[in-house]
Amino acid sequence: MDVLKQLFERHFHAPVQQVQPLQGELGGSGRKIIRLSDDQHNAVGILYGVREENVAFIEFSRHFRRRGLPVPEIYGEDLSQGAYLEEDLGDLTLFDFLSQNRNGENIAASVVEAYRRVLEILPRFQIEAGRDLNYKVCYPRSSFDRQSINWDLNYFKYYFLRLAGIPFSEQALEQDFTRLTKFLLAADHDYFLYRDFQSRNVLLRNGEPFFVDYQGGRKGALQYDVASLLYDAKADLPPELRQQLLDHYIEAVSKYTPRTRQLFMQHYYAFVYVRLMQALGAYGFRGFYERKAHFLQSVPYALKNLRWLLHNVTLPIEIPTLMDAFRGMLGSEKLLNIHFEAQSGTRLQSPGENKLTVRIYSFSFHRGGVPKDETGNGGGFVFDGRSIPNPGRQERFKDLTGKDAPVIEYLDQQESAHEFLNHVQALVGTSVAEYQRRGFKDLMVSFGCTGGQHRSVYLAEQLARNLRRNDGVEVIVHHRELEKAGIGNPPLELEKAAE
């Protein structure tokens with residue numbers, strides 16, 4: 001907090017008089033968003049520990065402002081402390097404006113006009129400003145490529161389909177994913193893709209739209225962002241209005257690039273589907289896995305969009321297993337019950353859920369081998385982290401461990417570490433959910449590397465941080481080689497409090 005006050009005072013030459021936390025626990029990003037003010041000035045401060053995302057947002061913001069686009073001005077930053085200060089654009093989002101000015105499917109003309117204005121500006125981000133944007137700062141990928149699509153599809157498979165209990169053939173679904181990915185990549189993708197272009201990321205100030213939360217932007221296809229806005233689940237736009245707004249967007253695009261409507265529409269609904277799956281994966285992770293019921297409130301709206309797509313759209317490719325999974329979702333009794341459970345505030349849980357203890361170990365393959373399971377349960381996971389670049393080979397890291405900030409920052413920058421953790425978290429997350437459902441008490445996960453000092457420690461800590469978001473899980477971490485050396489771990493209570 002002090003760093004934000006310093007940035008405020010440096011910019012406005014006046015001390016902060018009021019501090020107001022914004023967003024709270026409802027957001028899924030992990031950012032702390034804080035409004036700071038004095039008698040004459042307001043600003044919004046951000047505290048977030050992922051340097052690459054902060055760099056992307058700041059550089060994109062400055063680039064967009066140079067192009068005359070309505071984004072917040074960056075007042076100052078201290079990236080060493082994960083902090084930056086930006087212009088305060090107020091609290092009224094496009095989603096709020098829509099919610100306040102509708103009666104069911106009857107939406108006020110002023111809201112429709114706001115959407116039209118937003119869609120007129122979108123091509124300026126995608127085409128005009130995207131031409132000379134520095135894509136080298138994009139995080140975690142510089143384009144919506146095969147890897148990005150694969151992450152989204154697996155997110156949906158493991159955190160929504162699997163946790164919702166929707167049956168599917170793993171191999172057949174993977175074949176459908178491959179066909180869908182190939183089709184998506186055939187679309188022209190030489191534009192700026194905002195990535196999270198939805199109604200909560202547009203703020204209205206004096207009736208004019210301003211745009212935020214584009215730090216995940218990268219190079220990609222035009223269709224993705226307009227699909228994100230028009231099929232934004234809880235916005236619940238009527239199909240007729242979606243079509244009118246899509247027509248308006250295509251007309252706006254034609255002013256910047258000679259694209260035909262037919263060429264655009266060839267891939268459009270495939271991008272609607274992949275965006276819908278990405279959103280459902282997020283709802284499943286936050287709702288089913290982390291037990292945050294409010295994220296599941298969006299599921300019925302997403303299923304409503306899915307039902308419309310299945311009844312009204314025919315894709316030019318065959319993906320029968322995925323379509324069967326979609327139909328299974330629409331007939332799922334568990335998913336039909338979600339809306340009531342989420343609205344009533346009931347903590348969502350599987351039958352027979354019990355407190356599960358997950359013991360996470362780091363170790364060296366050369367100093368005693370794989371840790372033994374002392375609970376008598378047996379089984380569990382053993383992951384070999386030696387495929388990830390080794391910080392121990394660099395002199396500056398030799399006396400540090402995977403719990404120290406310089407090592408964490410180094411490994412956070414390794415794409416292979418992110419990919420490794422994504423797979424680990426998907427596998428372990430599926431087992432955790434099933435163990436809880438069946439009332440199991442113990443699960444053991446071990447990470448090995450060469451010395452048991454850097455990579456394995458880092459991986460164990462990252463998984464522990466992820467699992468502690470699940471209030472049905474108790475996490476115990478042991479760093480075997482560090483404990484032998486007398487380095488050890490802080491008490492569990494202190495680690496929880498530090499988060």
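The values are calculated or read from the model by the stated rules, or taken from the named source; none is laboratory data. Owing to the predicted nature of the structure, the values given are computational and were not obtained by experimental measurement. Cβ: placed from backbone, ideal geometry, glycine included. Neighbour counts: every protein chain shown. SASA here: full protein model, heavy atoms, side chains in, ligands and nucleic acids out. Shrake-Rupley method; radii C 1.70, N 1.55, O 1.52, S 1.80 Å.
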Sorting 168, 144 on solvent-accessible surface, 1.4 Å probe, most exposed first, gives 168, 144
Which residues qualify? For residue 216, with a placed amide H closer than 5 Å and at least 5 residues away or on another chain, they are none
Rounded to the nearest Å, the spacing of the alpha-carbon centers of the stretch 171-197 and the stretch 94-156 is 17
Ranking 410, 458 from most to least accessible area with a 1.4 Å probe gives 410, 458
In terms of the alpha carbon gyration tensor, root eigenvalues a ≥ b ≥ c, rounded if a/c is under 1.5 and otherwise prolate when a/b exceeds b/c or oblate, the stretch 110-243 is oblate
Note, the stretch 34-48: 3J(HN,Hα) by Karplus (6.51, -1.76, 1.60, θ = phi - 60°), whole Hz, Gly/Pro = x, goes 9, 8, 10, 7, 10, 5, 10, 10, 10, 8, 10, x, 10, 10, 7
Given the candidates 79, 248, 42, the one whose Cα lies deepest towards the positive end of the charge dipole of the chain, counting +1 at each Lys or Arg C-beta and -1 at each Asp or Glu C-beta, is 248
Going through 136/157; 157/182; 32/292 one by one, the pairs whose alpha carbons sit over 20 Å apart turn out to be 136/157
Within the stretch 349-449, DSSP-loop GluC sites (Glu not before Pro) with at most 14 other C-beta atoms within 10 Å are 374
For residue 398, counting only lysines whose alpha-carbon sits under 18 Å away and dropping same-chain residues fewer than eight positions off, the answer is 484
Reduced to Cα centres, the span from the stretch 248-283 to the stretch 361-425 in Å works out to 40
Relative contact order of the chain (C-alpha contacts under 8 Å, at least 6 apart) in percent is 13
About its Cα centre, the stretch 96-221 carries a charge dipole, from +1 on Lys and Arg Cβ atoms and -1 on Asp and Glu Cβ atoms, whose size in debye to the nearest 20 is 220
Taking placed amide H atoms and a strict 5 Å upper bound, the residues 5 or more places from residue 73 or on another chain that come that close are 87
Toy charge model, Lys and Arg Cβ at +1, Asp and Glu Cβ at -1: the chain dipole around Cα centroid in debye, rounded to 20, equals 780
Rounded to the nearest 10, the angle in degrees between the Cα long axis of helix 320-330 and the longest principal axis of the Cα atoms of the chain comes to 90
Label model pair residue 186, residue 19: point-to-point distance (7 angstrom along the Cα→beta-carbon line) in nm is 5.5
Magnitude of the Cβ-charge dipole (Lys and Arg +1, Asp and Glu -1) of the stretch 1-125 about the Cα centre, nearest 20 debye, reported as 380
Order by accessible surface, 1.4 Å probe, largest leading, for residues 61, 142 comes to 142, 61
Taking Cα atoms only, helix 146-156 is inclined relative to the longest principal axis of the chain by an angle, in degrees rounded to 10, of 80
Given backbone amide H placed at 1.01 Å from N, residues whose amide H is under 5 Å from that of residue 362, ignoring those fewer than 5 places away on the same chain, are 447, 478, 479, 480
Expected field for residue 173, accessible surface area in Å² at 1.4 Å probe radius, rounded to 10, holds 0
Checked against the structure, the computed volume of the Cα convex hull per residue in Å³ among [x] 151; [y] 184; [z] 166 is the one labelled [z]
Computed over the chain: longest principal axis from alpha-carbon atoms vs helix 239-253 long axis, angle to nearest 10 degrees, is 80
Most packed first (mean Cβ within 10 Å per residue), the peptides 78-89, 249-260 order as 78-89, 249-260
Taking 263-269, 273-279 and ranking on average Cβ neighbours within 10 Å, highest first, one gets 273-279, 263-269
